[in-house]
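The values are calculated or read from the model by the stated rules, or taken from the named source; none is laboratory data. These numbers were taken from a predicted model, which means no experiment stands behind them. Reconstructed Cβ throughout: ideal geometry from the backbone, glycine too, with neighbour counts over all protein chains shown. Ligands, DNA and RNA are excluded from the accessible area calculation, which covers all protein heavy atoms including side chains. Shrake-Rupley method; radii C 1.70, N 1.55, O 1.52, S 1.80 Å.
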Amino acid sequence: MNILGINGSLRRQSLNLSLLKAAGDHFDQDTVFDIVSLADLPFYNEDLDGDNKPQPVVTFKQRIEDADALLFATPEFNHSVPGVLQNAIDWASRPAFNSPLTHKPTAILSASMSPIGGARAQAQLRTVLHGTLSPVYPSIEFLLGSAHQAFDDSGQLIDETAQARLQRYITGFQEWLARQA
């Protein structure tokens, strides 16, 4: 199984990047988990979406195509997903109904300094993924509120309750993926 992590933040010390890394520790040994950066993707522009797409877009779409599933981690900006994540999905969702996202199984994590842990961003992301025909793991959301207190200075998840919840979420995600195959 090849799972690609997509972080909705560009920040070097991103809580969501730390959460993705912690999630990667919970996949079984037969799973290859890698995290892609969105930093090099240009803003979506239909004029650039022709036969000669920018190389970062080609690479990003190929990474999605090669993955068996996607694991998104998103912060919440102004009650929604960050623009960088929406932009990446806009690129990956073309051509409509026949994109690398079409029928690609997904799951969503979020870490936020707010106590509600990015719940509104997850709701928005589920709507967007529905529009790309990407099935989302049907589970209770994994929301990590007050995330700045759950990680140490090196980005390690030290909150034992969060660690146990993350393990259950990733195990459930893998079981769901096995049933999809």
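Is there a residue being within 23 Å of PHE151 (Cα to Cα) and in a strand (DSSP E or B) anywhere in segment 6-25? Looking through segment 6-25, at least one residue is within 23 Å of PHE151 (Cα to Cα) and in a strand (DSSP E or B). Applying the criterion of being among the hydrophobic types (A, V, I, L, M, F, W, C) and open to solvent by 30 Å² or more (accessible area, probe 1.4 Å) to the residues of segment 30-54, the residue that is farthest from the chain's Cα centre (by Cα) is LEU48. Test ASP25 against the stated conditions and say whether it is open to solvent by 20 Å² or more (accessible area, probe 1.4 Å), modelled with pLDDT under 95 and over 15 Å from the mean Cα position of the chain (by Cα). Answer is no for this residue. Quickly run through segment 21-65 and pick out the residues that are among the basic types (Lys, Arg) and either in contact with a Lys or Arg (Cβ under 7 Å, 6 or more places away or on another chain) or closer than 27 Å to ARG168 by Cα (or both). Matches in segment 21-65: LYS21, ARG63.
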